[in-house]
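Notes follow the structure.
The values are calculated or read from the model by the stated rules, or taken from the named source; none is laboratory data. The model shown is predicted, which means the values in this text are computed figures rather than measured ones. Don't worry about glycine lacking a Cβ; one is built from the backbone with ideal geometry, like all the others, and counts go over all protein chains shown.
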Amino acid sequence: MLIDSQNRVINYLRVSVTDRCNLRCIYCMSRDGVNMKERSEILSFEEIERIISVAAEVGISKIRLTGGEPLIRKGIIEFIERISKIPGISDLSMTTNGILLKKYAPALKKAGLARINVSLDTLDRKKYREITENGEINEVWDGIFEAERVGLSPVKINLVVVRGLNDDELVEFANLTKKHSFDIRFIEYMPIGSTNYWSNEKFVSSVETLERISKIEKIEPMEPENQSTAKYYKLRDSIGRIGLISPITSHFCKSCNKLRLTSDGRLRTCLFSDEEIDLKAILRSNYDKENINNILKEAVLKKPEAHNLKEGKSYSFKRTMSEIGG
């Protein structure tokens, strides 16, 4: 079992399998461009599998695959099939932009994926093209409904709330839960990386989001979920839920159970810290399972008690979200 210095049990590893994406969302990738890693710099699936296997032996049971866009990496289905069979891994999920989800949903389910999170920041077709640089929102909805059909559920739809961009759609998003068993999750905008888009004026707190929805719809709080980053609510007569994720105004550091592995093999104990451990170098120099085991244990002990981000302040990080893994 992995236990950090704050007595938090660390059982969750978010794994970025690629830094590449078929969209260019304005809050994720810099408009000046992102320097993509050479293929040789990216961990192979075999290397990722080694890390996950060792992590499972020391207590990691939950894996989420991210990117970039994980579905654009060749061999992703076979990789999922293999890691779903690793002893100790009991929860395997993925975050995707949904563009390729219709094509891959049946195979993902068959391979052992349990759930899917879909990033969707607007319900407006024109605005979606602007946010993503010419993505087609109909493809995302086709993927969402296919995921629901094959049992990758509940489908969680994540949107980053940005003032002046999509904060006029909060109620419309919430109302989706009246007809669908989706989890609609409103995420506070985080100043990760230098994407040239972040500013304090664009920030909308979860409190404001909830207030604006509750002025139109009656909202009931739900029982808190253990180690969940979201606080969930239901609209009257809804079949789905809305969730509020508040990394800035009401952070969940006290219950944080995560580690992150970047696509180029660097282990991060906190999203909001530039501190990283180069596991790739160890894997490719003199791989020893016990060495990786010890590094994971040591890294967890150095996990920060909390991040120091505060509302109304600006920050700069070395990596963008697409480089870290969403």
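Which of the residues belonging to the stretch 147-179 are in contact with a strand residue (DSSP E or B) (Cβ under 7 Å, 6 or more places away or on another chain), part of a strand (DSSP E or B) and either at pLDDT below 95 or of a type in the set (Val, Ile, Thr) (or both)? Result: Ile157, Val160, Val161. Among the residues of the stretch 1-27, the one identified as assigned to a loop (DSSP other than H, G, I, E, B), at pLDDT 85 or above, among the β-branched types (Val, Ile, Thr) and over 23 Å from Glu41 (Cβ atoms) is Ile10.
The one condition from (1) in contact (Cβ under 8 Å) with a residue 60 or more places away in the chain; (2) in contact with a Pro (Cβ under 8 Å, 6 or more places away or on another chain) that Asn175 does not meet is (2).
Restricting the search to the stretch 282-304, which residues are among the β-branched types (Val, Ile, Thr) and without any contact (Cβ under 8 Å) to a residue 60 or more places away in the chain?
Selection gives Ile282, Ile295.
The conditions of being in contact with a Ser or Thr (Cβ under 9 Å, 6 or more places away or on another chain), under 20 Å from Asn158 (Cβ atoms), at pLDDT 90 or above and in a loop (DSSP other than H, G, I, E, B) are not met by Ile248.
Quick test for you: out of Asp4, Asp19, pick the one residue that is within 19 Å of the chain's Cα centre (by Cα) and not hydrophobic (A, V, I, L, M, F, W, C). Step through it out loud before you land on a result.
Numbers: Asp4 fails: within 19 Å of the chain's Cα centre (by Cα).
The conditions single out Asp19.
Taking (1) touching a helix residue (DSSP H, G or I) at 6+ places or on another chain (Cβ under 8 Å); (2) touching a residue at least 60 places away in the same chain (Cβ under 8 Å); (3) closer than 26 Å to Gly143 by Cβ in turn, Thr66 satisfies each apart from (1).
Considering only residues that are closer than 21 Å to Glu49 by Cβ and either touching an Asp or Glu at 6+ places or on another chain (Cβ under 6 Å) or part of a loop (DSSP other than H, G, I, E, B) (or both), which ones fall in the stretch 251-272? Answer for the stretch 251-272, where residues must be closer than 21 Å to Glu49 by Cβ and either touching an Asp or Glu at 6+ places or on another chain (Cβ under 6 Å) or part of a loop (DSSP other than H, G, I, E, B) (or both): Thr262, Ser263, Asp264, Gly265, Arg266, Arg268.
Residues that are free of Cβ contacts under 8 Å to residues at least 40 places away in the same chain and surrounded by fewer than 17 Cβ atoms within 10 Å (Cβ to Cβ) were ranked within the stretch 228-240; the one that is nearest to the chain's Cα centre (by Cα) is Ser228. Filtering Ile144, Ile131 for residues that are of a type outside the set (Asp, Glu), surrounded by 15 or more Cβ atoms within 10 Å (Cβ to Cβ), touching a residue at least 60 places away in the same chain (Cβ under 8 Å) and in a helix (DSSP H, G or I) leaves a single hit, Ile131.
Just one residue in the set Ile89, Ile99, Ile60 is farther than 15 Å from Val15 by Cα, modelled with pLDDT of 95 or more and in a loop (DSSP other than H, G, I, E, B); that residue is Ile99. Annotation for the stretch 96-103: at least one member residue is buried (at least 16 other Cβ atoms within 10 Å of the Cβ), closer than 22 Å to Arg73 by Cα and of a type in the set (Val, Ile, Thr). For the stretch 253-281, the tally of residues that are among the basic types (Lys, Arg) and touching a residue at least 60 places away in the same chain (Cβ under 8 Å) stands at 4. If only residues of the stretch 70-94 that are among the acidic types (Asp, Glu) and in contact with a helix residue (DSSP H, G or I) (Cβ under 9 Å, 6 or more places away or on another chain) are counted, the one that is surrounded by the most Cβ atoms within 10 Å (Cβ to Cβ) is Glu81.
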